[in-house]
Amino acid sequence: MQTGRVYDDPHDGSTRVLVDRLWPRGVKREDPRIDEWLPHVAPSNELRRWYGHDPERETEFRRRYRHELVDADHAEALDALEKLVHAGPVTLVTATREVEHSHLPVLVRALDRR
């Protein structure tokens, strides 16, 4: 499983899954860089706004997001994502500029642990 930005051109033939709560700006719904969209696997709007990509809040953000991933809304979306991962190569994509400081590392770890 790989991670990347939604704005990057696909190059490996994997299924690109957008895992952001909001649709990215400037990207059309039929954009070929996105194969699937699973908004409910992303952090809640409240958590996303609280974090604001503030480096001082990153540790707490990751802890809170891990906690969110076990609630019913997130768990169902996580199950759907897990099925995609088992079906073939997947790239999780986000509109976030700094992927390594986004929710993607937490999500990848959660999928690895399943």
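With N residues in the chain, what two-decimal value do you get for its Cα radius of gyration over 2.2 N^0.38 Å?
Numbers: Rg = 13.3 Å, N = 114, 2.2 N^0.38 = 13.3 Å.
Ratio of Cα Rg to 2.2 N^0.38 Å: 1.00.
What trypsin sites (Lys or Arg not before Pro) does the stretch 34-110 have in DSSP loop regions with at most 15 other beta carbons within 10 Å?
Arg97
Ordered by residue, what ³J(HN,Hα) values in Hz, to whole numbers, does the stretch 68-79 give under the Karplus form 6.51 cos²θ - 1.76 cosθ + 1.60, where θ = phi - 60° and Gly and Pro are x?
5, 4, 9, 6, 4, 4, 6, 4, 5, 5, 5, 4
Amide H to amide H, which residues 5 or more places from Val90 or on other chains are under 5 Å from it, using H placed in the peptide plane?
So Val90 has HN proximity to Gln2, Thr15.
Hey, what number do you get for the chain at 222 nm if only DSSP H runs of n ≥ 4 count, each worth -39500 (n - 2.57), divided across all residues, to the nearest 500? Numbers along the way, then the final one.
Details: 4 runs with 44 residues, N = 114.
-11500 deg cm²/dmol, from helical runs alone.
Under the Kirkwood approximation applied to all pairs of distinct alpha-carbon atoms, what is the hydrodynamic radius of the stretch 74-114 in Å?
11.0 Å
Please check: in the Gaussian network model of the chain (C-alpha springs, under 10 Å), which one of Glu60, Glu100, Glu46 has the largest mean-square fluctuation.
Maximum among the listed residues: Glu46.
Every number here is computed from the coordinates shown, using simple stated rules; none is lab data. Bear in mind that the values here come from a model prediction, so they are computed numbers and not experimental data. Methodologically, a virtual Cβ is constructed for each residue, glycine included, from the backbone with ideal geometry; neighbour enumeration extends over all protein chains shown.
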